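Trainee: Can you read through this structure? Questions will come right after.
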Amino acid sequence: MASAEHLPAFVNPIAGPPIYRREDYVGSVRHLLIFVIDGAVILFFLMPLTMMFAILAGSVTGTTTLFIPWLPLLCIWAYLAVLKPSRYRSLGYWAADTRIVTIHGKKPSPFRMTLRLLWAPFWWNGFLGFIIDLFWTSTNRERQMLRDLLAETRLIRSKAKPIDIGSTTYVMMTCLSIAVMYTEIRERSESN
């Protein structure tokens, strides 16, 4: 990695994907904090509020069964896929002082964030799936959950600045009998 005196004042993202200090990548404790806070917001605020609104709207229009399942899901999607990458961030991101970026250092689109939501297949297996995903943060150099690696997003501290420009490479990793291939950002000297 380039020493601090040889770094440009501004790292140009067009030249390659940015590299952040290891401390700027969010580790497992902050991932857990984000999960707990955003889960509580969804469970205790979004779900009851949207369910009540759906029931009221359905009783007024006479189409209760149409509103009840879709309105809460739409609001949860908006919270997780639209609000999280925005400048306002979710409550969990705000409390953990983090933001989410693509591997190129840009704000992820709602489509990429939706893919990130869909890349959490292990969570469907219950608590063990979440533990595996959380454990994954300790097995890779960027301290990211499996779903972030697959969706090509990175959770970093909100004030993190790139320290260098890297190159992308594909990594095949096996952890707990699960094999995945994802894009990793490496220093240019490592990839040569």
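The values are calculated or read from the model by the stated rules, or taken from the named source; none is laboratory data. In this text, all values refer to a predicted model and were calculated from it rather than measured experimentally. Here the Cβ positions follow ideal geometry from the backbone for every residue, glycine too, while neighbour counts run over all protein chains shown.
Conditions (1) closer than 27 Å to Gly39 by Cα; (2) modelled with pLDDT of 80 or more, marked per residue:
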site	(1), (2)
Thr98	yes, yes
Pro108	yes, yes
Trp124	yes, no
Phe130	yes, no
Ile156	yes, yes
Gly166	no, yes
Tyr170	no, yes
Thr183	no, yes
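Trainee: Checking the structure you have, find out if any residue of the stretch 108-118 is closer than 24 Å to Thr50 by Cβ, of a type outside the set (S, T, N, Q) and in contact with a Lys or Arg (Cβ under 7 Å, 6 or more places away or on another chain).
Mentor: yes
Trainee: So if I check each of Tyr25, Tyr20, which one is out of contact with any Asp or Glu (no Cβ under 8 Å at 6 or more places or on another chain), at pLDDT 90 or above and not small (Gly, Ala, Ser)?
Mentor: From the options Tyr25, Tyr20, the qualifying one is Tyr20.
Trainee: Is there any pair with a first residue in the stretch 20-49 that is over 14 Å from Phe130 (Cα atoms) and a second that is part of a helix (DSSP H, G or I) and among the hydroxyl-bearing types (Ser, Thr, Tyr) whose Cβ atoms are under 7 Å apart and which are 6 or more apart or on different chains, and what are they?
Mentor: Final answer for the pair search is Gly27/Thr137; Ile42/Tyr79; Leu46/Tyr79.
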